[in-house]
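The values are calculated or read from the model by the stated rules, or taken from the named source; none is laboratory data. In this text, all values refer to a predicted model and were calculated from it rather than measured experimentally. With ideal geometry, Cβ positions are generated from the backbone for all residues, glycine too; neighbour counts draw on all protein chains shown. In case anyone asks, the SASA skips ligands and DNA or RNA and just uses the protein heavy atoms, side chains included. Shrake-Rupley method; radii C 1.70, N 1.55, O 1.52, S 1.80 Å.
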Amino acid sequence: MTTTDAVVIGSGPNGLVAANLLVDAGWSVVVLEEQETAGGAVRSDSSVAPGYVHDTFSSFYPLAAGSPTIRGLHLEEHGLEWVQAPSVVGHSFPDGRWGVLHRDRGETAAGLEAQAAGDGDAWLALCDTWDRVGDDVIRCLLSPFPPVRGGAGLAGRVLRPGGLELLREMIMPARALTERLFNGEAARMLVAGNAAHADISLESPGSAAMGLLLVLLGQTVGFPVPRGGAGELSGAMVRRLESKGGQVLLGEKAEGVRVDGGRAVAVRTVSREIPVGRAVLADVSAPALYGGLVPWDDLPTRLRHRMSRFEWDPSTVKVDWALNGPVPWEGAPEKEPGTVHIGDSLDDMTLTGSQVAAGLVPERPFMLVGQMGVADASRVPERGEALWAYTHVPQQVRGDAAAGHEGVRPVHGTWDEGDLDAMAQRLEERIESRAPGFRDRITARRVLGPHQLESMDRNLVGGAINGGTANLQQQLIFRPVAGSGRPETPVKGLYLASASAHPGGGVHGACGANAARAALWHHKTRTLWRRS
């Protein structure tokens, strides 16, 4: 096969962002995708029920809307249309109360103030700080670490009034931060619920980062979804790439990277070997790359030792439902949120997280719920709803926190049909407690456990959705192993472009962008060196 400048392994959002940046620089690019559909964990289908579009994995994209890289691709010119639910996020409490994040900060503040005096002003003060430094904080978080180029200037901008304090708050434990900032449960749980999108305990340093980032992005850009399904975001990136001469080869599994003289020179698939002139960018998990696509004989011994300590984030169970009517939420907000969190209290969330950390399937799981028909009416029949919910479970199940409880079917951790059905019933009971009559509206259901998620996207190992734990011991210069933090690998011309690289999980494209820019930079310096 003709030599191509770059091969990108994997067509998830990071891989497609990387490929687009490389074709923009004039490189020839081939993307290899082992599945028959591009997109990685950004896909959608109608397999739950005819007329209903469900997102197979991720759904809401505040990080994409806030990402300078994805905004810079101008995907709207390639068919992408963002749409929003009437409100952004709602937290449902057992007594029918709600905490609601609205698009309008004044409306959010008024609702929080009504539940706890002082919380409205505290919310507006947080938003004012974000107005001053938010864009710079995002650039700082999404840039390679350590910031070799431009770091000093970026740090100077983040030190604007309030910036340093905001960064300090982001590295705090979410519980300590929310209890310091707010008086009432509604504001606290809005932040804590969003913090639970990562796998850091609410009592651990750094857990506030995801919570603050998501609520403040939600307050500025919302939680948008692509009209027609998550797959439309991937489709727009593919169309943009192909319009500029890039190729996406579906059903083409990468079997290995050939290394010659310490440099990546080709990628092998089942049917061919593709010679590479400049770079290989791997949108695969770190364990799939090191000792997988690249054999240990081509890698330093110290890397093998460090990779033995790599930690995955927890597993996931996701349920999709087709409903013949809207969810009958008790005390439903007038402006319906697209995203709903279900958790009783901070203590309840701490207990659930502790159970997962101890290897126990939670008795009363914290749930993230998506009302896709509320956000995008084009995905459902009239008055129908395409609902999903997911929750975290242990990678290695040691027991069930609900074992022995009357009327509760135990989960054994084999994640066979019986386990998935029992877990789905547990999630349905949680929703039913907040929305009496919910079960009567179910017309179809799909349950995706750890095995199914991994079979549909090999980066979701054991149902892990963030490419490895987000805890501090595996972030920044420790991602994916100590001494990393950047997309470069020990093999010249080979770059880690997945969520296993800094800054980690989320549909922001930063892992792929960082890898692409590193490849461009190294090629440029190599070319200049040859000419000198």
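Between K253 and T443, the modelled label-to-label distance comes to 3.7 nm, taking each label 7 Å out from Cα in the direction of the beta carbon. For S315, nonlocal amide neighbours, meaning residues 5 or more places apart or on other chains whose placed amide H falls under 5 Å from its own, are V393, Q395.
Sequentially through segment 269-274, phi angles give Karplus couplings (6.51, -1.76, 1.60; θ = phi - 60°) of 10, 4, 9, 7, 10, 9 Hz, Gly and Pro residues having no value and appearing as x.
The sum of -39500 (n - 2.57) across all DSSP H runs of n ≥ 4, divided by the residue count of the chain, sets its helix-only mean residue ellipticity at 222 nm to -11000 deg cm²/dmol.
The modelled label-to-label distance for the pair R409/T2, using points 7 Å beyond Cα in the direction of Cβ, is 5.6 nm. A Förster radius of 41 Å, combined with the Cβ-Cβ distance separating D121 from V270, puts the computed FRET efficiency at roughly 0.10. Descending by average beta-carbon neighbour count within 10 Å, the peptides 210-220, 28-38 line up as 210-220, 28-38, the highest first.
In this label model, S46 and D421 are separated by 2.9 nm, measuring between points 7 Å along each Cα→Cβ vector. Helix 185-195 axis versus longest C-alpha principal axis of the chain: approximately 20°, rounded to the nearest ten. For the chain, taking Cα atoms only, Rg and Dmax work out to 22.6, 77 Å respectively. Packing around the peptides 91-100, 502-511, taken as the average count of other Cβ atoms within 10 Å per residue, puts them in this order, highest first: 502-511, 91-100. Restriction of the trypsin sites (Lys or Arg not before Pro) in segment 319-414 to DSSP coil positions whose beta-carbon has at most 15 other beta-carbons within 10 angstrom yields R383, R398.
Amide hydrogen proximity for E255: with H placed 1.01 Å from N in the peptide plane, the residues at 5 or more positions away or on another chain lying under 5 Å are R268, T269, V270. Extension gain for A358-R239 works out to 38.4 nm (0.36 nm per residue, less the C-alpha to C-alpha distance). A Cβ-based charge dipole, computed about the Cα centre of segment 1-116 with Lys and Arg at +1 and Asp and Glu at -1, lands at about 300 debye. Using the beta-carbon distance between E107 and K524 and R0 = 45 Å, what value does 1/(1 + (r/R0)^6) give for FRET efficiency, to the nearest 0.05? With a Förster radius of 45 Å, E is 0.40. Per residue, the accessible area of the chain comes to 39 Å², computed with a 1.4 Å probe over protein heavy atoms only.
For the chain, a crude dipole built from +1 on the beta carbon of Lys and Arg and -1 on the beta carbon of Asp and Glu, taken about the Cα centre, is about 2400 debye to the nearest 20. Here r is the Cβ-Cβ distance between R383 and S308 and R0 is 51 Å; the resulting FRET efficiency, rounded to 0.05, is 0.45.
The phi torsions of segment 17-30, fed into the Karplus equation with coefficients 6.51, -1.76 and 1.60 and a -60° offset, translate into couplings of 4, 4, 4, 5, 5, 6, 5, 4, 8, x, 7, 8, 9, 10 Hz, rounded to whole numbers, with Gly and Pro shown as x. The apolar share of the surface of the chain, taken as the fraction of accessible area on carbon and sulfur atoms (1.4 Å probe, ligands and nucleic acids excluded), comes to 51 percent.
In summary, the lysines within cross-link reach of K524, defined as a Cα separation below 20 angstrom excluding same-chain residues under 8 places away, comprise K492.
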